[in-house]
Structures are given as C-alpha cells and as structure tokens.
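Scroll down for the structure; my scribbles are underneath it.
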Ligand code: OGA
Ligand code: NI
C-alpha cells in the first residue's frame, strides 16, 4: 500500500486553508513562472481531410501531423469525428463523480499494486513532494483487464459513458496511429501491429485539480512525458492548465473548443527511433476554479518487446534504444512518480 496515509487534495482544498501544506510546495526551480507567458501555441490539425479520399488533402494532413510530432510532440485535433455531446457528457459525469461525498469515492480508493481506482499520488517514495491533484485510473483494454465493477457506479450513467467514450477514442487512436505510421514512411499498419494489433492496452486517467490557494508554489501534475504509446487528452472547457515544454520554456496550451489534445508517448518515440518526440508537460493549478481532464492512454500490449522500427535504423542513425516491454518500462514512473523525461532520455541504448 501507500508509504503514508493518503490525503485527498480536494478535501484539503475544500477545508478552506489559506496556505498549502509543505508537502505540496515545489522547489523554486520547478514552480510555475506566471510572468513570461509565450504568445505561441501547439499546432492545431484539422482531421477532416485525413479521412478524405482526395490524395492531396490527405497528404497535406499527414505532413501537418508529422511536423507536429517532430517539433512539438503535441497537437490539438479538430474535426476528429467524435461527438461533441459525448465528450461533454463524459467530462461532466466525471466532474459530478468528484463532487460526490468523500465516503462514496473512498469505496474506490486505489493501491500502488495496480493503481486502479481513486488516487491522490503517483509514486511510492516516502516523503516525496506531492502534486495538487486527485485522479481516477481504470483499465479499458485489454478486455480481460476491464472490470466495470471497479468503475464508479455513481453517477448512474458513468459506466455506460466510459464504455461509449472509450470505444470512440480507441477508434480515433487507431486512425491516428495509421497516420503516424504512414508519415514515418512505415507501412500503414506498422505501429498498430507493433503495439500488438487487436491486443493493445488502453487506460483512462481522469484528473481532478482542485482550486489552490497558492498556485504559484505548486503544480497540479509535475513535469513528465507519458510512458505509453499515445495520449488523447480531453481538457476542461473554459480553463487552461496544461503546459508543454518547447525550447526550454513552458507554453500554456489554450484549449480549442471540442478538440482533443494528442501527444506522442515514450513508446512511439522509441519505435520511431526518436523521429517523433515524447515531450515533457506539466499542469498548473488555479486559485478560483477546479479543473477536470480525461487522459486516455493508448499503449502497446504490455508484455511485447518495444524497439525502434528496423526501417528507421541505419548506419547514420543507429538504434537509440534497446528492446524493453512496456510492463518493465512503466515501473519507473509507478515507483518514482513524474520526473521529467529522465527515463527515456538517459537510459540510451541500454535503457
Ligand atoms: C496526464 C496529463 C494533463 C492535464 O494525465 O498524463 O499530462 O491537462 N494530464 O491534465
Ligand atoms: Ni501526461
């Protein structure tokens, strides 16, 4: 179990404290600098033409996706084909879940063995500095790991919405993976097959960032890159929070209405032999508003060896990573918590 008694950040926030406990205070170098906001934003990609039969339009969209994955590791996808109503209902049902009484949520309290359920920390180091957020983590795929009895039974529409939302997002992830494969010069099904074909993994992490009396001292989620394959984030609709690292600066993403924020995870960085980048990101919190976000992780089957595609390895560009399963790989973040990009960066060819 956890190294210390679990404190729900939402309870702390709702207690009306004016100063946050020391455990949430980041060292000065990690604190958000609200002063120098950059006037740039991550690319926006219109997916309408990805699904078009017009060859030129299709190719143009692939180029946009490719340059976003190389330069930013992130883009906002619009005209992605998923119902805006479904997105909104799913996000709002989760907001209602977090607004239920503590006792109801505690029935789903999680443990670091699987992380499934209601949680308030990532990592099991005793005395670690914690992030200002609670979350709910669940498995969607493979089906044998899916256990709807571990999903919230309240609000009553929650389980059905998770199923429906998951099915739609999985479909979209499949399409994006094809686009990424093709734009890397690989066969259309390369990445999907390397992920395990039909046997991919998919999990949902719903983040709840309670309002914070001292947002300049802490983070909602510390800097990290996503360990898995690809992430589709549904951010809250009228409040920013996500920051992406670009040339050493933190760029605050301004969510485009009804868009998904797509980002490359470490496993695609490995498979693409670092042509596509899994980029560091973090979350800042807000003094007056709670924020809800849904991060859907599309991952390789967890016991497959993941390695750079042979087609992307040459004498000039040797393989930057040696094979490793995603099960082994994610032990790091599950032990140490979010710590920038240290894992994929420094593990090099003997990671
Ligand atoms: C994550 C994540 C960003 C956000 O859950 O991995 O990066 O805006 N979330 O909540
Ligand atoms: Ni992330």
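The values are calculated or read from the model by the stated rules, or taken from the named source; none is laboratory data. Predicted model, so just to flag it, every value in this text is computed and none were measured. Glycine gets a Cβ as well: all are built from the backbone with ideal geometry, and neighbour counts include every protein chain shown.
Among the candidates 264, 292, the residue that is in contact with a helix residue (DSSP H, G or I) (Cβ under 8 Å, 6 or more places away or on another chain), closer than 14 Å to residue 177 by Cα and in contact (Cβ under 8 Å) with a residue 24 or more places away in the chain is uniquely 264. Look at (1) within 12 Å of ligand 1 (Cβ to nearest atom); (2) closer than 22 Å to residue 173 by Cβ and you find that residue 256 fails only one, number (1).
For (1) out of contact with any strand residue (DSSP E or B) (no Cβ under 6 Å at 6 or more places or on another chain); (2) surrounded by fewer than 19 Cβ atoms within 10 Å (Cβ to Cβ); (3) touching a residue at least 12 places away in the same chain (Cβ under 8 Å), each residue gets a yes or a no:
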site	(1), (2), (3)
1	yes, yes, yes
16	yes, yes, no
24	yes, no, yes
41	yes, yes, yes
68	no, no, yes
76	no, no, yes
93	yes, no, yes
118	no, no, yes
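Among the residues of this structure, residue 296 does not count as one that is at pLDDT 95 or above, crowded, with 19+ Cβ neighbours inside 10 Å and more than 10 Å from ligand 1 (Cβ to nearest atom).
Exactly one residue among 280, 307 is within 30 Å of residue 253 (Cβ to Cβ) and either modelled with pLDDT of 95 or more or touching a strand residue (DSSP E or B) at 6+ places or on another chain (Cβ under 8 Å) (or both), and that residue is 280. Considering (1) touching a residue at least 40 places away in the same chain (Cβ under 8 Å); (2) assigned to a helix (DSSP H, G or I), the lone condition that residue 149 does not fulfil carries the number (1).
Rundown of residues vs (1) within 16 Å of ligand 1 (Cβ to nearest atom); (2) out of contact with any strand residue (DSSP E or B) (no Cβ under 7 Å at 6 or more places or on another chain); (3) without any contact (Cβ under 8 Å) to a residue 60 or more places away in the chain; (4) in a loop (DSSP other than H, G, I, E, B), yes/no style:
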residue: 181; (1), (2), (3), (4): no, yes, yes, no
residue: 187; (1), (2), (3), (4): no, yes, yes, yes
residue: 233; (1), (2), (3), (4): yes, no, no, no
residue: 236; (1), (2), (3), (4): yes, no, no, yes
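Of all residues in the stretch 205-218, how many are in contact with a helix residue (DSSP H, G or I) (Cβ under 7 Å, 6 or more places away or on another chain) and buried (at least 19 other Cβ atoms within 10 Å of the Cβ)? Counting residues in the stretch 205-218 that are in contact with a helix residue (DSSP H, G or I) (Cβ under 7 Å, 6 or more places away or on another chain) and buried (at least 19 other Cβ atoms within 10 Å of the Cβ) gives 5. Going by the structure shown, is residue 97 touching a strand residue (DSSP E or B) at 6+ places or on another chain (Cβ under 8 Å), touching a residue at least 12 places away in the same chain (Cβ under 8 Å) and over 30 Å from residue 276 (Cα atoms)? Taking the combined requirement at face value, the residue satisfies it. Within the stretch 134-149, how many residues turn out to be touching a helix residue (DSSP H, G or I) at 6+ places or on another chain (Cβ under 6 Å) and either at positive phi or within 16 Å of ligand 2 (Cβ to nearest atom) (or both)? Result for the stretch 134-149: 1.
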